[in-house]
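Reviewing the structure listed below.
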Amino acid sequence: MQTDMRQEQTLQLLRDKKYDELQARMDGFLTEYLAGHLTDEELSLEFHAFYRWGPSLTPLFQEWVNEFPKSYAANHGMAIHLSSVAWRQRGDRFANETSEEQLRQFDKKIRDSQSWAMRAIGLFKKPILSYELLLDNAIAIPEARPYADRILKDSIRIERDNVIVRYAYVRMLAPKWGGSREELEDFVKRSAHSGLPSDRLDSVAYKVRIEIAEDYWRRKQYGRAIEQYEGASKLCRLNEPWLEISQIQIEQANYSDALAAAESAMKMVPDSPQGRKLKARALHGLGRHAEAFELLVKLAPQGDPVVLTLLGEYYAAGQGGAKRDLEEARRLFMVAARSGNQRALWYLKKMDGDS
C-alpha cells in the first residue's frame with residue numbers, strides 16, 4: 001500500500017507539471033539505489049509509477065524530457081510509458097484475433113519504447129531498469145531476442161545479484177512468447193546464477209514455477225498446473241499461487257479445495273479483494289449462501305463484475321439472506337454487463353424475456 005501511495009505521488013507531480021520536483025524525486029531514488037539503500041526490485045517499483053497507458057500523458061513525459069534532456073529518469077520514464085501504451089493498445093487477445101491496425105500501432109509504440117530505453121542507458125551509471133525494459137520489449141521484437149543473453153550478461157556485470165532483469169528473461173522464455181518449459185527449467189539451475197544468494201535464486205525459481213504453471217493451465221493440464229503453483233508457494237511466501245489454485249479449483253467445481261486455497265491466500269493477505277472474491281465463489285458453490293452473500297456485499301463497492309453478477313443472482317432469487325429485489329438485481333447485472341461480463345448479459349436477456 002505504501003508503494004502504491006508513493007507511485008501515485010510521483011504520477012501526480014507529472015500530471016501537475018512539477019518537473020523540477022519530479023526530477024529531484026526520481027534522482028533521489030536513483031541515488032539511494034547507487035548507495036545500496038534500495039534494491040533493484042525496490043527501484044523498479046518506484047519507476048512503475050510510469051506504467052500508465054493514457055496517451056494524454058505522453059506530452060507530459062515529452063515536456064519533462066525537454067526540460068531535462070540528459071535525465072536518465074525522464075528518458076526511462078518515457079520508455080516505460082510508451083511500452084505501457086503499446087501493450088494497452090494491443091490488448092490481450094492472440095495475434096489472429098487482433099486487428100492489423102492494432103498490431104501496427106503496437107509495433108510502432110514498442111519500438112519507440114525500445115529506442116528511448118537505449119537512449120537512457122548512456123545516461124546513468126547502473127541502468128538496470130533499462131535492461132529490464134529492453135528484455136520485456138524484446139518479447140515482441142523478433143530481431144531483438146538474439147541480444148537477450150547479452151543484455152542479461154550486461155545487467156549482471158553492473159549488478160551481479162540483480163533479479164529484475166532475470167525476471168524479464170524468465171518472461172521471455174515463457175512458452176506463450178515462444179520459449180519452452182525446458183528452457184525455463186534450465187534457466188533456474190543454480191549453475192546458471194553463480195554467486196546469486198539463495199533467497200534471490202528462490203525468487204527467480206518462483207517466477208519460473210509461475211510461468212510453467214500458467215502454461216499447463218492454458219493447456220488444461222490442471223493437475224500439473226496446481227503442482228507448479230504449490231511448488232511456487234514453497235519458494236516465496238506470497239498469496240498469488242493460492243489465488244491461482246483456488247481459481248483452477250473453481251473452474252473444476254472442486255469447491256472445497258477452492259475454499260481451502262482461498263483461505264490459504266487470505267492468511268497471507270487478509271484484506272485481499274481477490275482472495276475474498278474467490279472465497280465467496282467457493283462458498284456459493286458449496287451452497288453456503290449466507291456466508292457468500294455477506295462477503296459479496298462487502299466487496300460490491302469495488303465494482304468487480306464477477307462479484308456484482310453473483311450478488312445480482314442472490315437478489316434475483318432472494319437467497320442467502322438477500323431480500324428478493326429484481327430492480328436491484330437488474331442494476332447490478334447492468335453495471336457488470338458494461339464490463340463485458342457474459343453471465344450478467346445472459347441474466348439481463350433472461351429478465352427481459354420473462355417480463
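In table form, for the structure just shown:
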read-out	value
Computed over segment 53-174: relative contact order in percent, which uses C-alpha pairs under 8 Å that are six or more apart	21
Tail beyond 14 Å, pair distance distribution of segment 291-355 (Cα, percent)	50
Selected from 35, 253, 79 as most flexible by GNM, with the chain as the system and alpha-carbon contacts under 10 Å	35
Segment 245-294 and segment 122-191: distance between their alpha carbon centers, rounded to Å	35
The chain, relative contact order in percent, only Cα pairs under 8 angstrom and at least six apart counted	7
Rounded to the nearest 20 debye, dipole of the chain from Cβ charges on Lys, Arg, Asp, Glu	380
Environment charge of residue 277, counting only residues whose C-beta is closer than 11 Å and scoring Lys/Arg +1, Asp/Glu -1	+3
Along each principal axis, Cα extent of the chain, largest first, Å	65, 47, 41
Overall form of segment 1-173 per C-alpha gyration tensor (a/c, 1.5; a/b vs b/c)	oblate
Relative exposure of 313, 159, judged by other C-beta atoms within 10 Å (fewest first)	159, 313
Contact order normalised by residue count of segment 291-355, Cα under 8 Å, 6+ apart, percent	27
Relative exposure of 100, 240, 185, 132, judged by other C-beta atoms within 10 Å (fewest first)	100, 185, 240, 132
Whole-Hz ³J(HN,Hα) from phi, Karplus 6.51 cos²θ - 1.76 cosθ + 1.60, for segment 329-337, glycine and proline x	4, 4, 4, 5, 5, 5, 5, 5, 5
Fewest-first ranking of 269, 307, using other Cβ atoms within 10 Å as the exposure measure	269, 307
Note, ³J(HN,Hα) from phi for segment 107-114, Karplus 6.51, -1.76, 1.60, rounded to Hz, x at Gly and Pro	4, 5, 5, 5, 6, 4, 4, 4
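Here, each number is a calculation from the coordinates, and none is a lab measurement. Note that the structure is a prediction, hence the values are computed from the model and not measured. As a convention, Cβ positions derive from the backbone with ideal geometry for all residues, glycine included, and neighbour counts pool all protein chains shown.
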